[in-house]
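The values are calculated or read from the model by the stated rules, or taken from the named source; none is laboratory data. This one's a predicted model, so the numbers in the text were calculated from it and none came from an experiment. Here the Cβ positions follow ideal geometry from the backbone for every residue, glycine too, while neighbour counts run over all protein chains shown. For the accessible areas, the whole protein counts, side chains as well, though only heavy atoms, and no ligand, DNA or RNA atoms are used. Shrake-Rupley method; radii C 1.70, N 1.55, O 1.52, S 1.80 Å.
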Amino acid sequence: IMKKICFLIVAVLAMISCGSNKNVASLSSLSGEWEIVKIDGSDVAAAEEKPFIGFNLADTLVYGSTGCNQLTGALNADASTGSIDFSALGSTRRMCADMEAEQQVLSALGRVSSFSVAEDGMLLLLDADKKTVIELKHK
């Protein structure tokens, strides 16, 4: 009976570690703050501050800046499929002298459905057709 209990414990631990390591490793690549470098292949419009997105994995939160307003919301990502959803983000509502960067960022985030990390370390946010919408570099 002791062998059965030991086998069962080992089997359960193996399932837990195999199931979670892949997700943790994949999501961990998002961790930290990322400067938005390009949207739809073009440089981001000039803004009061550099637009960025941050991922707080411990609290499963997304935060950042559109270049004018602050963003925040729950991190809704699935490492096994690479899917990510920014549709539930909230933002502050202050007016800035130039709202072009903000409009670019918000429009692009609305089209994002998945993510990947390129070989050069850039974070790529992709649309449903796997076309790069936003390119980000780690801060």
Residue under evaluation residue 103, criteria (1) closer than 18 Å to residue 40 by Cα; (2) open to solvent by less than 80 Å² (accessible area, probe 1.4 Å); (3) of a type outside the set (Lys, Arg), criterion not met: (2)
Out of 74, 88, sole residue that is without any contact (Cβ under 8 Å) to a residue 24 or more places away in the chain, under 24 Å from residue 29 (Cβ atoms) and in contact with a Gly (Cβ under 8 Å, 6 or more places away or on another chain): 88
Region 28-85, subset more than 14 Å from the chain's Cα centre (by Cα) and in a strand (DSSP E or B), residue farthest from residue 123 (Cα to Cα): 70
Region 56-70, subset in contact with a Gly (Cβ under 8 Å, 6 or more places away or on another chain) and buried (at least 22 other Cβ atoms within 10 Å of the Cβ), residue farthest from residue 102 (Cα to Cα): 62
Some residue of region 80-97 being surrounded by 14 or more Cβ atoms within 10 Å (Cβ to Cβ) and out of contact with any strand residue (DSSP E or B) (no Cβ under 8 Å at 6 or more places or on another chain): yes
Test: residue in region 18-25 that is open to solvent by 50 Å² or more (accessible area, probe 1.4 Å) and modelled with pLDDT of 95 or more: no
